[in-house]
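Here's the structure, in structure tokens; my notes come after.
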Amino acid sequence: MSKNKKNIVTLTGVGKSFGAVKALQNVQLEISTGECIGLVGHNGAGKSTLMNILAGTLTPTKGEINVSQVAQDQLYNVAIAHQQGIRCVFQELSLCPNLTVTENTRVMHASLQGWGWRKKAGALIIDMLDEIFPGHGISIKALIDDLSLSQRQMVEIARAFSITDTQLRIVILDEPTSSLDAVVADQLLQHIRRFVSRGGACVLISHMLEEILSSCDRIVVMRDGTVVAEKNATDFNRDSLVAAMGSMAREYQHDANDDAASKRQGTALINCAPKLQHDEQQLRVYKGEIVGLAGLAGQGQTEMLVQLFSPQKSMAFVAGDRQSDGIFPLWSIAENITIGSMRNLLRKFLLDKNSAAALASHWQQKIAIRSPDLNHNILSLSGGNQQKALFARALASNAQTVLMDDPMRGVDIGTKQDVYDMIRAEADNGRTFLWYTTEFDELKHCDHVYVFRNGEIVADIPKTQMNEQRILQASFKASAA
Amino acid sequence: MHSISSLFHHTLAKPWIWAFIGAFAVWLATIIFTGGQGAGQMLTAALSFATFSVIVGIGQMFVISLGPGNIDLSIPANITLAGVVSMKLMDSHNEMILLGLGAALLSGLAVGIFNYTLIRLLRIPPIIATMSSSFLILSTAIAYGRGLKIKPPAALAEFTTTHIYGVPLLAICIVVLAFILGVMLHRTVFGQSILAIGQNPRAAKFAGISVEYVRFCTYLLCALLASLCGYLLAGFSGGASLNMGTEYLLASIAVVVIGGTSVAGGFSNLPGIWGAALFMFLLVTMLNTFGLSAGLRLMLTGIIIVGVIILSTRSKQPS
């Protein structure tokens, strides 16, 4: 763009592993003065990991970070990044809820000290808030705890753009508009353009593709921990951007025994609309089907499952959030498995201990729970094995419908494959599954997929027409409307 | 030798054993002080009085096991109402004994339904709901039994005070009742549901348990046991009085905690309630026998109770 662009940061061959999981592999990224870079990609593509490395909160396992043409060593951290003028607005807000707006400003700017720091900090933050978000209505004396989510986000953003004694060169914004309404989001985007035209640099991460396309100079697309495309924003449009994010090669191949259509006959087992649905779209589930609930994380899929769940209608629930929705922490593995089948274990009025033990050990073998003794406490198991116990609880019951709330979190790949097979086998025996998942690969096991966005069903896709691009397209339709 | 020591360790690992050890130690200390005099009578008295703490303690235990925030403070008022109602109805006639029992239980049933209605429909926390309901219940008892001092039917008084070789008949009956309730806790859908809810109510809901129905039944059971206690206590002490339930507010909670039940919910300990009730009675007896001043007695009571609780929670952890 501008003739005198100066390089600020160069990342070369950066990789990051968490144990066996490779979150980033061989990433190159250059950031220069006077440009706004859009960073897009699916959940878990590595965007946030990359930005955490840039901001110094994570240390890369491989590669090199150059700031102002100087190579940084392993000791590169938040303090150094800050000195170099690199700031970050994280997705998880980083303000202290028990402090006021002024005090939170002081937390970031160590130079605001001595008599009257409160006055200086207050003036600094209120000026910045007024500049970016005119009419924000935030008092600098307010506790963060008393502010709304979007007001907190505004304070966080304004604080990141405020300048004291150190320079400010790059501001990273990770999903800044997700909690802002359209007007305020637009104010932010305008400020980003102003900041960039004055020679600053921004990295903008967002799922709102229109924002990225309209506000950024250059767009970097990530997938599976690598950069898969990098072009000027003018060379992208919505469709090509979505196409770049999803892998076209992995389109679903139809099985020979694909009998998905045949199950959609007769009367539906479940016929229900999400509470926030505006049109006539319904969630329909037929007996023996595996129905996927797709979309970005937290778009109302879990709420849909909770709304549907009713044990009287022969339903079981597999929790994704094990600790809060699934585990009974004082009980043994066996007790945790059999609690869902109590009524089958009754002999006259009393629970039969022998049948319970037999049921538990049957499922231990079937689903391969790694434990020497099922009478050990459930917390003695690893997270993945606890999850298996929860699967066993649901499958061992005689519930005809199983609701699954993104149940594969923290489960290793081998186990996943076993569980997929088990779900398919149970479905063939006439059980019905509703499966909320954020992973596209798991949707391939579904007979029918509903895509959720903002609490509504936005797409209704049969197995034969399903591909990653279509699901992404529907997930991101967001601000177009 | 080895198996004996492992049996010993196994027994020590049971959290309820400490309440019994405490009760035994206190009893031993007392009879050493008196030179063996009154050892038997003391045990008989302990069993007689502990029985009433056990009845209400079991009910409180079920409620506390439902998890944080669950407690029934209306037990004393409930005891009084059941005592007053049944005594007035029976009017010292032997043939009315069963009818009186029925009336006592009915008043307990009404109290339980009323408590749960406050908790559920008006969304009042149990501690506030049961405390305020106890004022209403007590007022009802006062209005209903104004100025009355009716003797219990002779047969009921006889039943509640009879000993068989020094063991109170009533204590035997309540041991049987406690056993049945213990089986209910560990071997029925209802009992297991209580423990599941106490550990994690959200997970219990997703495991298919009707959480609110189980809570309702539990508060009802607690109220029924308290009214049973009121009926028997009025028979035992020669009639109902308006303050007959007062000491059972603290006693019902203390025996649950000392008995090794988890205050955080999800873990109940029924045998421990017997140990704790005996311990509480014998402790007071011992301090009285020593002839200590009132201040010192209260202080020692506090210290010893804390000591037993620490021992029993320590032994729970390794297992």
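The values are calculated or read from the model by the stated rules, or taken from the named source; none is laboratory data. Everything numeric here is computed off the predicted structure, so don't read it as measured data. We place every Cβ from the backbone using ideal geometry, glycine too, and count neighbours over all the protein chains shown.
Of note:
- Among the residues here, A:Ile132 qualifies as closer than 19 Å to A:Leu180 by Cβ and either touching a helix residue (DSSP H, G or I) at 6+ places or on another chain (Cβ under 7 Å) or at pLDDT 90 or above (or both).
- Any hit, the range A:424-438, residues being closer than 21 Å to A:Ser341 by Cβ, among the basic types (Lys, Arg), more than 23 Å from the chain's Cα centre (by Cα) and within 14 Å of chain B (Cβ to nearest Cβ): no
- Flag for B:Leu66 being farther than 25 Å from B:His163 by Cα, surrounded by 19 or more Cβ atoms within 10 Å (Cβ to Cβ) and in contact (Cβ under 8 Å) with a residue 40 or more places away in the chain: yes
- Among (1) touching a residue at least 40 places away in the same chain (Cβ under 8 Å); (2) more than 29 Å from A:Ile80 (Cα to Cα); (3) surrounded by fewer than 20 Cβ atoms within 10 Å (Cβ to Cβ) - the single one A:Leu168 does not satisfy: (2)
- Matching residues in the range A:306-318 - criterion: being closer than 26 Å to A:His42 by Cβ and either touching a helix residue (DSSP H, G or I) at 6+ places or on another chain (Cβ under 8 Å) or crowded, with 22+ Cβ neighbours inside 10 Å (or both): A:Val318
- For the range B:160-179, the condition holds for no residue, the condition being that it is within 14 Å of another protein chain (Cβ to nearest Cβ), free of Cβ contacts under 8 Å to residues at least 12 places away in the same chain and crowded, with 16+ Cβ neighbours inside 10 Å.
- B:Gly272 being without any contact (Cβ under 8 Å) to a residue 40 or more places away in the chain, over 30 Å from B:Pro152 (Cα atoms) and crowded, with 18+ Cβ neighbours inside 10 Å: no
- Here A:Asn104 fits the description: over 30 Å from A:Glu468 (Cβ atoms) and touching a helix residue (DSSP H, G or I) at 6+ places or on another chain (Cβ under 7 Å).
- Taken as a whole, the range B:216-230 holds no residue that is part of a loop (DSSP other than H, G, I, E, B) and within 19 Å of the chain's Cα centre (by Cα).
- Any hit, the range A:370-385, residues being away from chain B (no Cβ under 11 Å), among the aliphatic types (A, V, I, L, M) and on the phi > 0 side of the Ramachandran plot: no
- Considering A:Gln167, A:Gln113, the condition of being over 28 Å from the mean Cα position of the chain (by Cα) and closer than 30 Å to A:Gly15 by Cα is satisfied by A:Gln167 alone.
- When restricted to residues that are in contact with a helix residue (DSSP H, G or I) (Cβ under 9 Å, 6 or more places away or on another chain) and in a helix (DSSP H, G or I), the range B:243-283 contains 24.
- Given (1) away from chain A (no Cβ under 11 Å); (2) touching a helix residue (DSSP H, G or I) at 6+ places or on another chain (Cβ under 8 Å), number of the condition B:Ser237 does not satisfy: (2)
- Considering the range B:155-184, and only residues there that are among the aromatic types (Phe, Trp, Tyr) and more than 19 Å from the chain's Cα centre (by Cα), the residue that is nearest to A:Leu350 (Cα to Cα) turns out to be B:Phe159.
- The range A:125-164 - residue that is among the charged types (D, E, K, R) and over 30 Å from the mean Cα position of the chain (by Cα) and, of those, nearest to A:His109 (Cα to Cα): A:Asp127
- Residue count for the range B:11-43 under the criterion of being touching a residue at least 40 places away in the same chain (Cβ under 8 Å) and either in contact with a strand residue (DSSP E or B) (Cβ under 6 Å, 6 or more places away or on another chain) or not in a helix (DSSP H, G or I) (or both): the result is 4.
- Some residue of the range A:397-404 being under 23 Å from the mean Cα position of the chain (by Cα), buried (at least 22 other Cβ atoms within 10 Å of the Cβ) and in contact (Cβ under 8 Å) with a residue 40 or more places away in the chain: yes
- Leading residue by the ranking (nearest to the other protein chains (Cβ to nearest Cβ)) among those in the range B:197-228 that are closer than 15 Å to A:Met342 by Cβ and of a type in the set (Gly, Ala, Ser): B:Gly208
- From A:Ala459, A:Ala399, A:Ala394, residue being in a helix (DSSP H, G or I) and either modelled with pLDDT of 85 or more or small (Gly, Ala, Ser) (or both): A:Ala394
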